[in-house]
Amino acid sequence: MADKTYFSYRQIHRTVKSLAERIIADKYDPDVIVAIGTGGFIPARIIKTFIDRPILTVGLRLYDENNRRAEVPRKIQWIDEVEQKLAGKRILLVDEVDDTRTTLEYCLRELLSHGPAETAVAVLHKKNKAKRGVFPDEVTRYWIGQELEDQWIVYPWDAADIDEHCRIAEEDR
Ligand code: 5GP
C-alpha cells in the first residue's frame, strides 16, 4: 500500500462539486461558509462556486515547525469580526481533511460559543481511523467528499512542481 496519496486540482474540484451537490440536495442553506486555513481555503472557494455564500476565514495550526502535533491547535488568525458575524447564522465549516478531528472539534467549540443558529461541517477528505476529537452534540450534519485509509494526503497547493504532482496524482487512479 502506498503511504501517500496525491490529488490533482481536477480531482479535488470534482470531489468538492459532488460534496456541494449533496449539501444542496440535503437542503442545508448556510448563511456563511467558514474556512479553516490554510487547507480549507481552496475547498471552501470551490464550494462557493456551487453554494454562493460569503467566506469567513480562521487560521488554526495543530503541527509545529518541526511537525510535532500539539494537544490543542494554535490560533494563527481569529478575527473578532468573524465572531460578531456568527450569532444567529447557519454556518458551513469547511476543512480539507478530518484526520484526528482535533482541529475540527476545537474550531466547532469556538464557533458554537458565539451563538450560531446551526453549525454543519464539510470536509474534502475523511481518514478512516480512530478520532481524538469529537463533534459537539449541536453538530448534526457532516458531509464528506471522500473517505480514505489512514495515509498522508498530498494536496496540489503544497506542490513545488505542479506538473509532476498532477502526473503522479492522475497516474494513481
Ligand atoms: P486533525 O488531526 O486535527 O484532524 O488535522 C489537523 C490538520 O493537519 C489538518 O487540518 C491538515 O491541515 C493537517 N493534516 C492532517 N492530515 C493530513 C494529510 O494527510 N495531508 C496534509 N497535507 N495535511 C494533513
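Some values worked out for this structure:
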read-out	value
Subset of the range 32-45 that is touching a Leu at 6+ places or on another chain (Cβ under 9 Å) and in a loop (DSSP other than H, G, I, E, B) - its residue that is nearest to the ligand (Cβ to nearest atom)	GLY39
Selection count, the range 63-106, where residues are under 25 Å from LEU19 (Cα atoms) and within 13 Å of the ligand (Cβ to nearest atom)	14
Positions within the range 135-161 being among the hydrophobic types (A, V, I, L, M, F, W, C) and surrounded by fewer than 13 Cβ atoms within 10 Å (Cβ to Cβ), in sequence order	TRP152, ALA160
Subset of the range 10-53 (residues that are out of contact with any strand residue (DSSP E or B) (no Cβ under 7 Å at 6 or more places or on another chain), touching a residue at least 60 places away in the same chain (Cβ under 8 Å) and among the basic types (Lys, Arg))	ARG10
Unmet criterion (only one of (1) at pLDDT below 95; (2) outside any helix (DSSP H, G or I); (3) of a type in the set (D, E, K, R)) for GLU83	(2)
Filter pass, ALA130 being within 13 Å of the ligand (Cβ to nearest atom), in a loop (DSSP other than H, G, I, E, B) and free of Cβ contacts under 8 Å to residues at least 12 places away in the same chain	yes
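Listed here are the residues, each with its yes/no results for (1) within 29 Å of HIS13 (Cβ to Cβ); (2) buried (at least 18 other Cβ atoms within 10 Å of the Cβ); (3) at pLDDT 95 or above; (4) of a type in the set (A, V, I, L, M).
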residue	(1), (2), (3), (4)
ALA87	no, no, no, yes
ILE91	yes, yes, yes, yes
ALA122	yes, yes, yes, yes
LYS131	yes, no, yes, no
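The values are calculated or read from the model by the stated rules, or taken from the named source; none is laboratory data. Remember, it's a predicted structure, so these values are computed and weren't measured experimentally. Ideal geometry is used to build each Cβ from the backbone, glycine not excepted, and the neighbour counts take in all protein chains shown.
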